[in-house]
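Values quoted throughout were computed directly from the atomic coordinates according to the rules given, and no laboratory measurement underlies them. Source: prediction; values computed, not measured. Cβ: placed from backbone, ideal geometry, glycine included. Neighbour counts: every protein chain shown.
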Amino acid sequence: MVNSENWSLKVLEEPKIILKYLQIGTNLPIWKSLEKYILHDLIFFKAKLILLQERGYPCGVSLIFESNSTLYFGYFKVVNHDDSKIEFLIKKIIEYARNSNIKVVKGPINVPIIIYGWGFMEANSKSNLCATKPVNPPFYIEIFLKNNFQITSREITYEKSPVPYIDPWKLNKYNYAEYKFFNPANKKEFQKYKQDYIKLHAENLPISSRITPNSPKLINNYLDYIFEFGYKSMIIFIKHKPTNEIVASGTFLPEPFRIFPNGKTDCFCIYSWVIDKNYRGKGLAILLYGGSIIQLWKKGVKNAFASTGENNMSVDIIEKVFGGVRTKSHVLLEKKIN
C-alpha cells in the first residue's frame with residue numbers, strides 16, 4: 001500500500017544547491033573536476049530541481065528547464081526505483097508544465113549531455129560505466145509510456161576496443177589532394193572556425209539529431225571540457241582547398257571516467273561527424289576518423305564508443321568503418337500537454 005502522506009516536494013533554484021542533490025539522478029559520478037561544466041549549463045538554462053522527500057529525506061529528483069515552449073526534464077531517478085514514486089514525480093512534472101502553460105514535455109536531457117547524456121536505457125543494454133550513457137531500470141520507460149509519453153528518438157551505441165587503425169592517406173580508394181585535414185591548436189584558434197562549425201551542423205544534420213536546445217551557445221563549455229580531459233586531435237576540420245571552405249567536421253569526446261595518471265583519458269566517444277551534403281561520397285568520413293586515430297593511437301587512446309540514431313545514415317559508417325559491437329540503446333520521450 002502506497003503511503004504518500006509522508007511525501008513532500010521542494011523546487012530548488014540555486015545551482016550550487018541543485019548540484020548537491022544531482023547525484024541522486026544519475027549513476028555517473030559527479031566528480032569535483034566536472035562540477036564547473038554542470039554548473040555552467042544549470043545557470044545557462046536557468047534550471048530548477050524538483051526534489052521529492054519522504055519524512056524529510058531525499059528520495060527522488062528531476063531537473064527541469066524551459067526552452068522554446070518545451071519543458072525539458074533530466075536526472076530523473078527515484079531511490080530504490082519505487083514505481084509509485086516514479087509515477088508521482090512524472091505527474092508533478094506534467095502538472096508543472098500545465099501550470100506554466102507549456103505544451104510539450106521532453107526528456108530525459110542530462111545537461112551537459114557531453115558528459116551525462118540523454119535518454120532512458122532500454123532492456124538488453126550493457127550497463128558498464130560510460131560517459132553520456134546513463135543507466136536505469138527499463139521499467140522507467142514503461143511508466144512514462146503509461147502516462148501517455150511517446151518515444152520520439154532512439155540512439156544506438158557501439159563499442160570497440162581497440163578501435164581500427166586507418167591511415168586514410170595510404171588508401172587507394174580516395175584522393176585527398178584537394179582536402180586539408182587539421183585540428184585547431186588551441187581554444188583560441190577554434191574560435192576562427194566556430195561559425196563554420198555551427199553552420200555545418202545546422203545545415204547538414206537532421207532535426208532529429210538536435211537533442212539539446214541552444215547547443216551552439218554551449219560550444220565554449222564543451223570545448224573547455226575536451227581540452228581539459230582530451231586532446232586537440234579530438235576536434236577535427238576538413239577544408240576544401242580550391243574553395244577554401246570548411247566542408248566537414250568531427251568531434252570526439254574524452255571519457256572522464258577512464259583517466260591516465262597524467263589526467264588524460266584512454267577512451268573516447270565519437271560524438272559527431274558532419275559532412276557537407278555536396279561533398280559526400282568522397283571518403284571524408286574516413287579522413288575525419290583516420291586522421292584523428294593516427295594521433296590518438298600514439299597517445300595510447302585506443303578504446304572508443306560511438307552512438308547514432310537508429311535510422312541515421314551514420315549507422316552504416318559506424319558498422320563499416322568503426323566496426324563496433326552494438327551494446328546499448330537509449331530513448332527520448334515526449335508528451336503533448338492538453
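What the table below lists for this structure:
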| read-out | value |
| --- | --- |
| Segment GLU334-ARG154, length gained on full extension (0.36 nm per residue, minus Cα span) | 63.6 nm |
| Net dipole in debye of the range 168-301 [+1 Lys, Arg Cβ; -1 Asp, Glu Cβ; about Cα centre; nearest 20] | 260 debye |
| Sparse-neighbour loop sites [trypsin sites (Lys or Arg not before Pro); the range 155-263; at most 14 other C-beta within 10 Å; DSSP] | LYS173, ARG210 |
| ARG98-GLN195 pseudo-label distance in nm [points 7 Å out on the Cα-to-Cβ vector] | 4.7 nm |
| Paramagnetic label zone (point 7 Å from Cα along Cα-to-C-beta, LEU145; backbone N under 11 Å) in the range 104-132 | 123 |
| Tensor-based shape of the range 1-108 (alpha-carbon gyration tensor, a/c under 1.5 rounded, otherwise prolate or oblate) | oblate |
| Sorted by Cβ neighbour density within 10 Å, fewest at the top, the residues PHE120, PHE252 | PHE120, PHE252 |
| Among ASN186, ILE294, TYR231 the positive-end extreme of the charge dipole of the range 168-301 (Cβ point charges) | ILE294 |
| Cut-off 16 Å (backbone N to label point 7 Å along Cα→Cβ of GLU178), residues of the range 236-252 | 238-248 |
| FRET E, pair ASN220, ALA123, Förster distance 45 Å, beta-carbon r, rounded to 0.05 | 0.75 |
| Filter on LYS46/LYS199; LYS199/LYS299; LYS20/LYS232; LYS160/LYS282 - keep pairs with C-alpha separation over 29 Å | LYS199/LYS299; LYS20/LYS232 |
| Three-way shape call for the range 168-301 based on the alpha-carbon gyration tensor, with the a/c threshold at 1.5 | oblate |
| Under-5 Å amide H pairs with THR265, H placed in peptide plane, nonlocal only | PHE260 |
| Cα gyration tensor shape for the range 40-199, rounded if a/c is under 1.5, else prolate or oblate | prolate |
